[in-house]
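First up is the structure itself, then whatever we jot down about it.
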Amino acid sequence: MEQNNYQGALQQPIGSGFNAKSTTNDVIKGIDLTGKIAVVTGGNTGIGLETTRTLAAAGATVIVPARDTGKAKKNLDGIINVEIEAMDLMSPASIDAFANRFIASGRPLHLLINNAGIMWVPLRRDSRGFESQLATNYLAQFQLTAKLFPSLKKANGARVINVSSHGHHFAPFNFEDPNFLQREYETLQGYGQSKTAVNLFSMELDNRARSCNIRAYAVHPGSIGGTELGREAPLELFQKMGFVDATGNLLPEVAASLKTIPQGAATSVWCATSSLLNRIGGVYCEDGDIAALCADASCQKGVNPYSLDEISAKKLWALTEEMIGLKFNP
C-alpha cells in the first residue's frame, strides 16, 4: 500500500536532477503530451501563461478559464492548442458554470493546475462574506477540483497541481476565525493561512483520490520577478519587508535572488509531467523536486510541518465543505 504524506512522511528530495535555476523547457524536455487535456487557472499571465505555453507546446490541449477573456485572448495570441473560457474565482456560480460546461463536453481532464492566486490585497470579502485571499487562493481550488472530479476520474491517471507558496510560513490556518471577523486583518496573515490551506488540501486530496488514479501536489514556485502578484501592494509594505529602497527601486540583492518566469513555472510543469512522481503524491514541491521538511520556523526553504498535519487536514476538509455548502467525497 502506498504511503500518504501525513506529518511530512514523504517530504524529502528524490534527486530529480533539477534545481532553482531549471526552466520549463528543461523539465518538459522529451515529454509528449499529445492527446492530454489540461486546465490552467490564471493561465494567461505570469507563471500561468508560461505553464500554458509549455504544456501546449508539448502537445496538450490547454483550457484557460479567465475573468477577463479579452485580456486572455490578447496574452495567449499565437499559442496553439489553447481554448479560453470565462470564469471568475471569486464567484461560486461562475466556477460551477465553467465546470458544468467542461463536464458536458464529455472530455477527460488529465491535468488540473490551480495556478491563479492573489496576494498583498486589502481586506475584501466575496458575496458570502469570505476573505478574498482565502476565497481565491483556496476555496475556489477546492470547489473547482470537486466539480471537475468526474472528468479527472475519467482520465484514469490525472494530476492536480495546486500552487502554494513559501508564504505558508506566515501563518497556520486559523480555524477559530478564518475570515477575520473577530481579529484585525493583516494581509500577509491572510495570505499565509490561505497557502497553508492549499498544502493541507493537496495532501488530503491525494490521500482520498489516489484510489481513483488521481494524484495531487502543492507547489512553491519561488520568488519571481515580472508577475502581477504585487500589483496592489503599497510601496510602504515592500519597504517594510526590505525589498525596495526609499524611492521604490528594487534592491540589487533582492533582484539577484528572484527567479525568471520560466524558472518559476518549472516546478508546476515538473509536478504535472514527471514520471518520478507516478507513485508519490500529496507532497509539497519546490525547485523542481520534493521539498524537505522544515526543522524550525527560520528555514528559508522547505515546508512547515503544521501544513502537513493529518488532524488539521481532515478538519479543514470538513470545514470547507460546510463553508461552501459542497460535499466532496472522492
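The values are calculated or read from the model by the stated rules, or taken from the named source; none is laboratory data. In this text, all values refer to a predicted model and were calculated from it rather than measured experimentally. For neighbour counting, all protein chains shown are included, and Cβ atoms are generated from backbone atoms with ideal geometry for every residue, glycine included.
Details
- The listed residue being in a loop (DSSP other than H, G, I, E, B), in contact (Cβ under 8 Å) with a residue 40 or more places away in the chain and in contact with a strand residue (DSSP E or B) (Cβ under 9 Å, 6 or more places away or on another chain), out of Leu123, Leu144, Leu112, Leu152: Leu123
- For the range 206-221, the condition holds for at least one residue, the condition being that it is outside any helix (DSSP H, G or I), in contact with a Gly (Cβ under 9 Å, 6 or more places away or on another chain), hydroxyl-bearing (Ser, Thr, Tyr) and under 27 Å from Thr51 (Cα atoms).
- Of the residues screened, Ala292 is one that is in contact with a Pro (Cβ under 7 Å, 6 or more places away or on another chain) and under 30 Å from Thr24 (Cβ atoms).
- Residue within the range 279-295 that is at pLDDT below 95, crowded, with 17+ Cβ neighbours inside 10 Å and of a type in the set (D, E, K, R) present: no
- Residue, surrounded by the most Cβ atoms within 10 Å (Cβ to Cβ), within the range 10-52, restricted to residues that are without any contact (Cβ under 8 Å) to a residue 60 or more places away in the chain and out of contact with any strand residue (DSSP E or B) (no Cβ under 9 Å at 6 or more places or on another chain): Asp32
- For the range 155-195, the tally of residues that are touching a Phe, Trp or Tyr at 6+ places or on another chain (Cβ under 9 Å), under 22 Å from Leu277 (Cβ atoms) and in a helix (DSSP H, G or I) stands at 2.
- Picking from residues in the range 82-109 that are in a loop (DSSP other than H, G, I, E, B) and more than 22 Å from the chain's Cα centre (by Cα), the one that is farthest from Gly264 (Cα to Cα) is Gly106.
- Looking across the range 296-312, the residues that are in a loop (DSSP other than H, G, I, E, B) and surrounded by fewer than 22 Cβ atoms within 10 Å (Cβ to Cβ) come down to Asp296, Ala297, Ser298, Cys299, Gln300, Lys301, Gly302, Asp309.
- Being outside any helix (DSSP H, G or I) and either at pLDDT 95 or above or touching a strand residue (DSSP E or B) at 6+ places or on another chain (Cβ under 7 Å) (or both) is a description that does not apply to Leu316.
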